[in-house]
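Quick notes on the structure that follows.
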Amino acid sequence: MTGVGVLQRRKWRAFRRRTAAGAALLLVSACAGRDYKPVSDLPVKIGNAYTVRGKVYTPKIDPDYDVLGYASWYGGESGDMTANGEKFRPNWITAAHKTLPLPTYVEVTNLDTGKRIVVRINDRGPFARGRILDLSRGAAQELGMLRAGTAPVRVRRVEPPESDRERLREGDPAAERPRVPDPILRNLRTQLAAGVRAGLVEAP
């Protein structure tokens with residue numbers, strides 16, 4: 001083999017080594033950019049005030065939170081990081097809220113059907129007009145509002161048993177809750193309609 005041929009082979013091997021090293025470096029960098037926090041209820045994150053589209057939101061502890069309004073759902077952000085550092089998993093029973101601590105557990109009632117579920121809030125949002133909660137795709141499916149996209153809801157902070165918390169932290173639904181009785185459901189719908197008419201509740 002000529003000296004030129006040997007030289008070319010050496011250059012080719014050096015090029016392949018540099019390429020492999022570069023690919024490995026890119027892989028490490030990509031993994032480092034997705035340093036997700038383990039799914040845990042501690043520490044609880046409240047966070048500082050922040051501004052979205054000119055409006056200031058101030059996170060706070062609100063043990064008596066009990067609000068009527070409208071919920072939507074989101075699910076296209078699979079793999080993104082939530083506001084408390086966890087990985088967003090669209091099929092888990094989670095939600096986004098503008099100000100409640102992360103995580104917070106809430107009971108969400110679909111006022112169209114009376115269906116109730118427990119949801120773990122681990123993200124911030126929604127920032128669309130007339131929405132108080134953004135459910136994951138899994139939560140929306142559990143609540144029966146996946147096809148509709150939005151639903152009138154009651155969102156109430158709760159302290160579920162550890163068995164429910166553990167199930168939600170592992171991606172499973174909490175224990176099923178009984179549906180809201182019709183008389184109470186009608187009353188909640190009436191309150192929501194009155195709030196919309198009075199301008200106290202934004203409709204989507």
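See the values below:
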{"quantity": "Residues being farther than 16 Å from Tyr50 by Cα and buried (at least 18 other Cβ atoms within 10 Å of the Cβ) - total across the range 76-103", "calculated": "9"}
{"quantity": "Residue within the range 81-94 that is assigned by TED's automatic domain parsing to the domain that holds Arg154, closer than 20 Å to Ala151 by Cβ, among the hydrophobic types (A, V, I, L, M, F, W, C) and in contact with a Gly (Cβ under 7 Å, 6 or more places away or on another chain) present", "calculated": "yes"}
{"quantity": "Qualifying residue in the range 122-140 (condition: farther than 15 Å from Ala96 by Cα and surrounded by fewer than 21 Cβ atoms within 10 Å (Cβ to Cβ))", "calculated": "no"}
{"quantity": "Meets criteria (under 22 Å from Asn84 (Cβ atoms), out of contact with any Phe, Trp or Tyr (no Cβ under 7 Å at 6 or more places or on another chain) and modelled with pLDDT of 95 or more) for Leu168", "calculated": "yes"}
{"quantity": "Enumeration of residues in the range 84-133 that are assigned to a loop (DSSP other than H, G, I, E, B), touching a helix residue (DSSP H, G or I) at 6+ places or on another chain (Cβ under 7 Å) and polar (S, T, N, Q)", "calculated": "Asn91"}
{"quantity": "Filter result for the condition that a residue is in a strand (DSSP E or B), assigned by TED's automatic domain parsing to the domain that holds Asn110 and aliphatic (A, V, I, L, M), over Ala174, Ala193, Ala151, Ala140", "calculated": "Ala151"}
{"quantity": "Of all residues making up the range 169-204, the number that are in contact (Cβ under 8 Å) with a residue 12 or more places away in the chain, surrounded by 13 or more Cβ atoms within 10 Å (Cβ to Cβ) and small (Gly, Ala, Ser)", "calculated": "4"}
{"quantity": "Which listed residue, of Asp64, Asp35, Asp41, is over 20 Å from the mean Cα position of the chain (by Cα) and either in a loop (DSSP other than H, G, I, E, B) or modelled with pLDDT of 95 or more (or both)", "calculated": "Asp64"}
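The values are calculated or read from the model by the stated rules, or taken from the named source; none is laboratory data. Note that the structure is predicted; figures quoted are calculated from it, not measured. Here Cβ is always computed from backbone atoms with ideal geometry, including for glycine, and neighbour counts include all displayed protein chains.
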